[in-house]
Every structure is written in structure tokens, then in C-alpha cells.
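Values quoted throughout were computed directly from the atomic coordinates according to the rules given, and no laboratory measurement underlies them. Since this is a predicted model, take the numbers as computed values, not measurements. Note that each Cβ is placed from the backbone with ideal geometry, even for glycine, and that neighbours are counted across all protein chains shown.
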Amino acid sequence: MGLLYPGALIFFAIVPALVLAYLARERPVRVTVSSVLAFRALRGLRKERFGGLPRFNWMFLVELILLSMAVLAMAGPYIVRKSYPIAVVIDNSAAMQAKLDSGATRFEDAIGKISRRIAATDANGQITVFATAPTPHRIAAPFDSNTEALIAIRAMKPTDAPNDGNSVASLLGSLLSEGRFSKVIFVGSQAVADPVPPGLDTILVDDAIANLALGSFELRREMFGEEALHARIAVANFSSQPKQIEVVVEGDGRRLGDAHETLAAGESGSLEFRALTPASVYRATLMPDDAFPLDNVAYATGGSVKKVSILFITPMPADAAGLDSIPGVSVRTVAPGSFAPEDLRNADLAVFEYSAPKELPGVNSLIVMPPPGDPVFDFQTTPATAIQIAGWRSTDQLTDSVNFRMLNFGQGEFLGVHPWMAAVVSGQGGGLLLRGERQGHRFIATGFNPFPYLGRRNLPMSVLTLNILSYLAGLGASSGGYHTGQPWLVPAGVETVMLPSGRKVKATPGTLFTEVSAQGIYELSGPDVPATPRPVNLDDFAVSDFQSTPMLKVETHRAFASREGLTEKAPLSAMVLAAILAIGALEAMVVYRRRRKPLEA
Amino acid sequence: MFDLPDEFTPQFLARLEELRIRTRRQYAGMGKGAHLSPKRGSSLEFSDYRHYSTGDDFRHIDWGLYGRTDKYYIKLFKEEEDLLTYIFLDASASMMYPAADRKFERAVAIALALAYVALTSGDRVMIRVLAGSGQKLEPAFVYGRHRIVELARKLREIKPGGQYDFAQALAREMLSIRRAGKVFVVSDFLMMLNSVTKGLGLFLAASMDLTAVQILGGREIQGQGLEGDVEVVDSESGERMRVTVGSREREQYKQTLMRLTREIKSFCLKRGLHYSLHLTDQEFQSFFLRAVTDLGLAH
């Protein structure tokens, strides 16, 4: 028994003060009478106050008790009891969907094992259940009984998102270090590396059977705006035997092609599908089917069907001409003087030519030859009459297939070192093409003007321009893919996202969309935006490689407290307050009945 | 009126003049009066015969008896004398409380009324004040109705206060009383019962006719207006007592006080004494005229 806030006991000083006030109030009035003769006969009335027994007043006594109890409640009384709270961490990642020899999934196996363990545990403490995917989280408030915990655990489902091993290890380490649990049970497919910290009890599910997997499913066009698509699908054989695999690609439900490959044990490779006809949704299926169906399917969408809306802010509207010739691209021009940030609401990307926005744009943007010293980007520019390229990143998406030697910039400006944008192409006097990301958006600044877009008449510049626009539009390259468990920014104009399950979720443009734990096609829509499919894939061979699943390295920053149970302070304030209310109600009833009697009489 | 209490209106005085003091025994007076005296005298009430002696008044010879016996007998008659009336007025501190009841003023009024009855009947009155402060009345009889004003003036100067032992005080007074007569004791009798009986018993022993008039306040008998926790202080002894007064306690107090008065009344009536209880919330004139018999008066 103890007190959480013993300082509150100072209010007990009120009690003697109240008693003194009561006694003072009760001090008799002195009255001179003719004779005390008759008063002597008053039986039982001669009760002394100070220095003697005070007259018993049960209501005052009750109120004194209530006051004392209120002070006690303020002091936060508690009792110390021993409890055995348990933390259960359940791996619900995509890898747990793999089937075992028995036909059950790893997750079902895990649920069965942990259920038996909890059922056999002596229930004397709360059970807190955590899930690991898409990010480690507690599934509900701690359960007070084994039954409640079991009901919640059996209602859990595995996700399509992989585990973040570091996060899971960090969670286990935190739970062991907090000292709130007498035991931490981890049930999953990942073993814990030695030394296993004390207090951690690991339940491993059985090994999955051999697995074949699809990896990344990339669609790209050789040229921005070109209709034909080139697909590259990564495949892997994580079994111990060589396997002949077949991958079939379908577009909007129509079979578009297939490819075969023989992979040795543990080997990975890729299958190419050239000139896939345009379709809204592409689906790649691996055959034969195996124990882990999740990585036997991959999705992709064709960029050609997506309209890219460009807002071109320029004092020279003629420079925007030519972009309209790119298939699927629409351009709207606005003069810098009449531009307002609200204009970006229905744009996928913005081009600021000879100008800079007064606030950071809410869409991916290209800033062409910005004026010096703008308040948002604060570019340090050095004008030059003849600029020459000194270097570029040869393996970058922006420089891919660009023949820089054929480029003739003429006059332009060099961009000085920028705090958060890095140079991709540099000249003799500074950066010529900077790239960076801010607040989830991509930004490119150029010291030359790639516009107007001339297409094949200026092919080297057009390739660079299309690379820039592709990067800003998020099309093509591998970085444009979306993976389970990885949130993405809601594009402009999108207000609703339909999940693969068919459930619709409200979304706010510019914010992270986090309900991405299921693999499949997400449909993005808004009042001014047509329904746009977005593929989300598992796309991680690390998940599919059951044979070499990395072990969790759990580290604790504090020694595990005790396996023998923890002392827990159970607060009694609520009970004291309940008692106060009960006594108060009882007193009120008695007083009410007492006052009512004369009325009835 | 003439320093008399307000209750003494001309009409009330006229009604008092119709009253006289009645005694159960005959007492020798100090002069001619209206009360039969044990002395032989010249009243119309026959007393005895004796043989004629030389020098006796012929008018007192009973000629009828001479005819039957042929002897001269002189008829003797009782003397009619005034009555010596003693009025003992309690002026102790208890007569002052509760102040609102004005017990002492009412006691003075009763004493003056009794004195006026006696004086208008031609009796002699001596008022003795027990305790109190102020100019003491001289231990002398007054005679004549006009002396009532003098008595009233002197009694008005008396301030109740102090305490005394009732029995001892009356015993001391008895030493100065040389002749028996009618005695009125006006007091609240708020004292121990044995002290009361002992004091009143002294008059019985001296063959005096006694009327005890007990004065109690209207508020006093209802609990003195006390409520709740009070510390009561005895006005005479200074004794303090802490009590809690509620309706139940007030009733108990009243019953106790009434039992005390009943015991005093019982004591008086058993011994042939007159007893009358006056509560100050009663109307004085109507009380006095209705309680004539209890007061030992007669029309």
C-alpha cells in the first residue's frame, strides 16, 4: 500500500480545522437562568465539548469521513501486487502467407502455436498483442484475460506487406527494456540471433516449402509518349532444385504474351516482354503455382493510358508549344503574374520558365532558368553567354540515352551549390541540372532552356526533356513502382482510393496514403480526375527467399527486469471515489427520508 | 398611580377593598380591628360566662340566665382586633431571571395587593424583603391604607440580587417576630425542596397562618427560551452546567419544574396552608381576584 501523490495529504490539515470549526460552532451559549435546579434533571444532556466528549453528530462524522476519503483519493492510494503481463508479438507479414507441408499457412501455424501457449499460461496479468506488418503496432488495448486475447489473436489476418526486420527487432528490444512485461513472446518466421535476450520467448513457425517468385514488374517506354511498352519481370528460384518457370502477361484480362526460363537452385533472372500493346492493367502470373501465391503475381499499369497534365508558367507561352504533341500530355499555360498556387490543383507537374514560385509547389516541378535569389529555392545563378557541359551522371535516369556531346545550349546560367538539390549535369561554371526532393515532391532546376519541345528535330534535347518529364511524372523507371507497406503521396485531384478488396477510402491530395498493406490494383479517383489504376506489388525477393531469411538481432538497452513477475501499483482512487459516491448517496437518502417524515405526519 | 404598579387601577383597588384576609386561627392584634381575637372584648361574638363581680358593667349581666339560675353571670365577648400581617418578599437573584418574565415586579405587585387588602381592612402590615439590594424596609408594621404608597415606593427601590438560604433566612426573621399573625411568602421557591419545607415549617411551628405564593415566569416554565447547546449559569450560586436543549429536553425540563411546584403545593395543602401559583404570563388582576381563596383572602 502506498501513495502516488503523498503531497496531497497536506489537505488532511483541513480535517482538524473543520473539527475545530465544528467544535467552535458547537460551543454553547452562556445563559444565566433563575436556577439550574430543573436542568439537573435533564438526563443525558450534560455533554461537555472542549475537554470532554463531543456530542455525536453522525452526519458530521459521515462528512468528515467523506472529506478524509476525498483527500485520500487525491493522494492516489495504491496497492502493490504481483502480476505477469505478457507481450505477444505476432509476425503478420506477407511471408507468413506461405504454405507449409501440412497445407496450412505459416500464419495459421503461428496462431495455433501462440493460442496453445496463451491458453496454458496462468492468467495473472494483462496480455498485450503486437503485429509486425506493415509497421510494428499494437492491435488493441491490453487484454485483461486470456480469452479476450485469444479472440483478438484468432481474428488477426496476415498482410501482403513485408516485415521491416530492424523495426521488429527494435520493438522486441523496447518491450524487453521497458520492464513492463514479465515475458515477451515472439511468434514468426524469423529466428532471433544469439544471444537471445533474457525474457524473450521465440516461437518459430515451420519452414515453408520451396518457393518460386516474381520480383519487380517494370514497364517502361523507350521514349516518353511512345505507345509500345517494354516489360521486364524479375524471377527467382528459391528452391533447392532447378526449375522451369513460365510467366504469362495479361493486359486488361487479355493474354499478351508469355516467356519461359529455367532457373538453377537459388538463381534469379529477368524476363523481357517487348512491345506490349497498351492496356490499363497488366498482370504477370508465374507458373507453376507454389506454396507462396503472393509472389506468383505482379501488377503493372501502362503509363500511355495516363494523361499527364502540365501547368506551364511562363512569360513566353510559345515555349509550351510542342509538348501537346506528346501522346497523353496536356498543357495549360499561365503567365507568372496571374499564377496562383490553386492553379496547381489539377496539374500533375508544373514547369516554371524564367520564373520561380513564391511558395513550394504542391506538385513535382521543373524550374527553367530561375531568377536569382527567389525566396523559396534561393538559387545562386551566374549568367553565361556560352555554357559547356563538363560532366554528368552516366547511370542516372535523367541522363539515360542522352547524347550530351550533341547538345548545344548556347547561353544560359550556372546554378551554384544548393542546400538540398544535387547537380546531375554540371558545366564549367557550376550546375546545369539540379535535382532534389522536398516535402514528398520532386524538383528539377535547369540552367538552360529545353523548350520549346521540338521532337525529332532536336533529338538529344528532346530525349533529355522527356527524361525530365518522365522523372517528374513518375512514369517508367523502377522508382515509379509501389510496394506493399510503403505509403505514397496522394496525387492532385484524387479524393477516393479504392483498395484491391473493393473498399473505398477517402484520401487527401498531398498526404501520405498508408492503407497499402494489400497487393493488387488501387483505383484513384476524384471529381475532376478519371479513375486511375495504381499497381502495388510485393516486389521484394527478400520476402520470397524463405531459405535465407535474415535473423533478428534484438538488443536491449536495459537488463530485463524479471521473469518472476512484476510488482504493479494498482491504483485505488477509483474505488475510493466510488465509496465516496455510495456513502454520499446513502447519506442523501437518509436525510431525505428524515425530512420527509414530518410531511407525511 | 401614586407610585403603585400599573396594574393597580382604581377599579382594581376598589375590588381589593372588598376583600379581607381570612385566617384559620385567631390572633391577638395590636389594636381594634375586624378580626376576632383570642382576647375577651366587646364584640358581638359570645365567648364565655363568669360570675358577676363588683364593678362589672350591669349591661353585660345575662338576665335570662339570672331568671333560670337566680345568679348573676356576666357574658363575656371576644375581642376584635386588627391582624398582624407579615409579607415575606423574595428578592434573591433568581427573581430577576428570565428578565423578560419580570418576576420580581409581579411579586412586588402581589405583595402590594396583599398589603393593600390588609391595610384597607384595618390590619397592620409588615413587609420583609429577603435578600436583594437597596434601602431595606424597617421591621415595623404600617397601618392605614395611605401607607400603601409608601410601601410601593420603598419596594420599587429594591433590586433583586444575591442568594440566601431560605430556611435560615426565615429562621432569622422569626427571631424578630414577637407576635403571631398571618404570613404571606411570595417567592419563586426555586430552591431545594427540603429548604422550602423547612422554612415554611417554621411558621407552622410558630402557629402562624401561612399562604405561599409561588411566582414563576411564563418563559421560565417553558424552558427559558433556550435552544441547542447552552451553558446555563445559576443566577444565585453561579453553578454552570452545559446542556443541549431540544423539544424533548424542554418538555423534560418543564415536567421537572412542574413536579417541584406540585410538591410544594402538596406540602402546603397537607398542612392546611394556602398555596397559589402565579405565572407571569397570566393577567395579574384576573389572577388575583380569581385566586382569592387560594391566597387566603375572603370577600
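Can you give the angle from 0 to 90° between the axis of helix A:459-473 and the longest principal axis of chain A, with both taken from C-alpha atoms, to the nearest 10?
20
With +1 assigned to the C-beta of every Lys and Arg and -1 to the C-beta of every Asp and Glu, and no other charges, what is the dipole magnitude of region A:259-373 about the Cα centre in debye, to the nearest 20? Don't skip to the answer; put the middle values down first.
On the way: 7 positive and 13 negative charges, 90 e Å.
Around 440 debye, computed over region A:259-373.
Average partner chain C-beta neighbours within 10 Å, per residue of B:249-261? Display every interim value, and only then the final one.
Working: counts 6, 1, 0, 7, 6, 1, 2, 6, 5, 1, 2, 4, 0.
Average per residue, whole number: 3.
Residue farthest toward the positive end of the dipole of the protein assembly as shown, with Cβ of Lys/Arg at +1 and Asp/Glu at -1: which of A:Ile139, B:Phe88, A:Thr399?
Of A:Ile139, B:Phe88, A:Thr399, it is B:Phe88.
Hey, what angle do you get for helix B:103-120 against the long axis of chain B, alpha-carbon based, 0 to 90 degrees rounded to 10?
Relative to chain B, helix B:103-120 is tipped by roughly 10 degrees.
Take each of the peptides B:6-12, A:280-286, A:408-414, average the number of other beta-carbon atoms within 10 Å over its residues, and list them starting from the highest. Intermediate results must be reported in sequence, preceding the final value.
Details: B:6-12: 13.9, A:280-286: 20.7, A:408-414: 17.1.
Per-residue mean Cβ counts within 10 Å order the peptides as A:280-286, A:408-414, B:6-12.
Note down the relative contact order for region A:308-474 as a percent, whole number, built from C-alpha pairs under 8 angstrom at least six residues apart. Show your work: numbers first, answer last.
Working: 361 pairs, mean separation 35.8, N = 167.
Dividing the mean separation by the residue count of region A:308-474 yields 21 percent.
Please compute the contact order of chain A in relative form: average sequence separation of alpha-carbon pairs under 8 Å and at least six residues apart, divided by the residue count, as a percent.
Working: 1285 pairs, mean separation 95.1, N = 601.
For chain A, the relative contact order is 16 percent.
Sorted by mean Cβ packing within 10 Å, highest first, what order do the peptides A:109-118, B:110-119 take? Don't skip to the end; give the middle numbers.
Numbers: A:109-118: 18.5, B:110-119: 25.8.
The densest-packed peptide leads the list: B:110-119, A:109-118.
Would you tell me the mean number of C-beta atoms belonging to other protein chains that fall within 10 Å of each C-beta in B:220-228, as a whole number?
Working: counts 4, 1, 0, 3, 7, 2, 5, 1, 3.
Mean number of neighbouring Cβ atoms from other chains: 3.
Specify the residue with the greatest mean-square fluctuation among B:Arg259, B:Arg124, B:Arg156, computed from a Gaussian network of chain B linking alpha-carbon atoms under 10 Å apart.
Judging by the Gaussian network model, the answer is B:Arg259.
Using +1 at the Cβ of each Lys and Arg and -1 at the Cβ of each Asp and Glu in the protein assembly as shown, identify which of A:Leu171, A:Gly455, A:Pro530 lies farthest towards the dipole's positive end.
A:Leu171
I'd like the mean, over residues of B:232-240, of how many other protein chain beta carbons sit within 10 Å of each residue's own Cβ.
Values: counts 13, 5, 7, 5, 3, 3, 2, 5, 4.
Mean shielding by partner chains, rounded to a whole number: 5.
Mind scanning B:Lys32/B:Lys182; B:Lys136/B:Lys198; B:Lys159/B:Lys254 and naming the pairs with a C-alpha gap bigger than 20 Å?
Violating the 20 Å limit, Cα to Cα: B:Lys136/B:Lys198; B:Lys159/B:Lys254.
Using the number of other C-beta atoms within 10 angstrom as an exposure proxy, rank B:Tyr49, A:Tyr354, A:Tyr299, A:Tyr592 with the fewest first. Let's see the in-between values first.
Working: B:Tyr49 13, A:Tyr354 16, A:Tyr299 22, A:Tyr592 9.
With the sparsest Cβ surroundings first, the list reads A:Tyr592, B:Tyr49, A:Tyr354, A:Tyr299.
Could you work out the pair-distance distribution P(r) of chain B from its alpha-carbon pairs, with 10 angstrom bin width and percents rounded to whole numbers?
Pair shares across the bins are 6, 25, 31, 19, 10, 6, 3, 1, 0.
Can you tell me which of B:Gly223, B:Gly122, B:Gly55 moves the most in a GNM of chain B? Springs connect C-alpha atoms under 10 Å apart.
Looking only at B:Gly223, B:Gly122, B:Gly55, the largest GNM fluctuation is found for B:Gly55.
At each listed q (0.18, 0.19 Å⁻¹), what is the log10 of I(q)/I(0) that the Debye formula gives for region B:209-299 modelled as equal alpha-carbon point scatterers?
Log-scaled intensity ratios, in q order: -0.91, -0.97.
So for chain B, averaging the separation of alpha carbon pairs under 8 Å that are six or more residues apart and normalising by length, what relative contact order in percent results?
On the way: 548 pairs, mean separation 57.6, N = 299.
Relative contact order here is 19 percent.
Using only the alpha carbons of the protein assembly as shown, what is the convex hull's orientation-averaged projected area in square nanometres? Can you show the working numbers first?
Working: hull surface 293.8 nm².
Result: a mean projected hull area of 73.4 nm².
Quick one: of the DSSP bridges fully inside chain A, what percent are antiparallel, nearest 5? Kindly include the intermediate steps, with their values, before the conclusion.
On the way: 79 of 115 bridges.
Among the beta bridges of chain A, antiparallel pairing accounts for roughly 70 percent.
Just want the answer: with Cβ charges of +1 for Lys and Arg and -1 for Asp and Glu, which residue in A:Ser325, A:Ser115, A:Gly430 is farthest toward the dipole's positive end in chain A?
The Cα lying farthest towards the positive end belongs to A:Ser115.
How big is the Kirkwood radius of region B:37-81, worked out from every pair of different alpha carbons and given in Å to one decimal? Mind dumping the intermediate values first?
Working: mean 1/r = 0.0925 Å⁻¹.
This gives a value of 10.8 Å.
What angle, in degrees between 0 and 90 and rounded to the nearest 10, separates the Cα long axis of helix B:193-205 from the longest principal axis of the Cα atoms of chain B?
The two axes meet at around 10 degrees.
Cα centroid distance between region A:241-293 and region B:148-212, in Å?
Result: 138 Å between the Cα centres.
Using unit Cβ charges (K, R positive; D, E negative) and no other charged atoms, how large, in debye to the nearest 20, is the dipole of the protein assembly as shown about its Cα centre?
Details: 97 positive and 95 negative charges, 1442 e Å.
Approximately 6920 debye in magnitude.
With the cut-off at 28 Å, report for region A:308-474 the share of all Cα pairs above it, as a whole percent.
Working: 1796 of 13861 pairs.
Result: 13 percent of Cα pairs exceed 28 Å.
Leaving out same-chain residues fewer than 8 places away, which lysines sit with a Cα under 19 Å from that of A:Lys569?
A:Lys82, A:Lys183
For region B:120-251, with only Lys/Arg (+1) and Asp/Glu (-1) charged at the beta-carbon, what is the dipole magnitude about the Cα centre, in debye rounded to 20? Don't jump to the answer; show the numbers that get you there.
Values: 19 positive and 17 negative charges, 166 e Å.
In total the dipole reaches around 800 debye.
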